[in-house]
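K.L.:
Let me begin by handing over the structure; questions about it come next.
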Amino acid sequence: MAKKKSILDFYEMKENNEKVAWITAYDFPTAQFAEKAGMDMILVGDSLGMVVKGYKGTVPVTMEDCIAHSQDVRRGAPNTFCIGDMPFGSYQVSDEKAVENAARFLKEADMDAIKLEGGRRVSSKIEAISDAGIVVFGHIGLTPQSSGQLGGFKAQGLTVDSARDLIKDAVSVQESGAQAILLEAVPPEVTEFITKKLDIPVYSIGAGLPCDGQLLICGDMLGMFQAFTPKFVKQYANVAEIEIKAFEEYIEDVKEGKFPTDDHVYHAKDSKEEFEKLFAEFE
Ligand code: KIV
């Protein structure tokens, strides 16, 4: 079994130009499969609100949801670096609340790090959580929790003015003490500039190749999330198609009496005659 990675391994991978591959996971089996496949890290994203719970966005997701799913993932991937995602409302209120909730991910779900959304406007939260000894991942660009302010799930940094804001946010995230940063839905030229400018690892979800690694949402890359597919997703499997086909075949088998067969039942140990005698007792 490979040694569990720490944040220092991710610094070293950046240094050696070795890319990091990570996905989101929310449940025990997906985490198990990700660890077996050799995933470098797993994010228990608040995207669970959309992928698992069927909400339109991530805003309704609670701390209790995130902790419960983080616990499931940790049980499935005990040997993988796992990041808990701080849901909307869990860090915005005050630095104290941010530290209290960040600590819950470590104490209750054995996460290795936490992630929160925002740049300059969450600098005091990043600083407070980091000062508490917790590894923080920043997340800027398309930040789903504030998609209302962004006018929807829209790419960021497409203009020079917007890219300037992103660069300032990226620098602030690093200066506040974050140990890695995720850029979401950002053009590759901006990603490349930020990656060269920062010392901490810079990861992409929809932010192109020139950075230190890639994240995809498991529901997107496995073809399970049906509501929409972002432009940046590469679908590696169509699990929805496989599941629907399996369900259809099962329904047909049940309706036609083809399931269960002799192979799928338990075989009585006593003879048919003995059972008939037993049934007769009750007639
Ligand atoms: O919740 C999540 O999965 C995320 C990704 C969109 C980066 O934050």
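K.L.:
Which residues, counting only those in the stretch 11-55, are of a type in the set (Phe, Trp, Tyr) and within 16 Å of the ligand (Cβ to nearest atom)?
P.N.:
The answer is Trp22, Tyr26, Tyr55.
K.L.:
Please work out which one of (1) part of a loop (DSSP other than H, G, I, E, B); (2) farther than 27 Å from Val44 by Cβ is the condition Lys245 fails and give its number.
P.N.:
(1)
K.L.:
Could you figure out which of (1) within 14 Å of the ligand (Cβ to nearest atom); (2) touching a residue at least 60 places away in the same chain (Cβ under 8 Å); (3) farther than 16 Å from Cys218 by Cα isn't true of Asp65?
P.N.:
The failed condition is (2).
K.L.:
Criterion first (within 15 Å of the ligand (Cβ to nearest atom), assigned by TED's automatic domain parsing to the domain that holds Gly141 and touching a residue at least 60 places away in the same chain (Cβ under 8 Å)) does Ala185 satisfy it?
P.N.:
no
The values are calculated or read from the model by the stated rules, or taken from the named source; none is laboratory data. Treat the numbers as computed from the prediction; the structure is a model and nothing was measured. Every residue, glycine among them, receives a Cβ derived from its backbone with ideal geometry; neighbour counts consider all protein chains shown.
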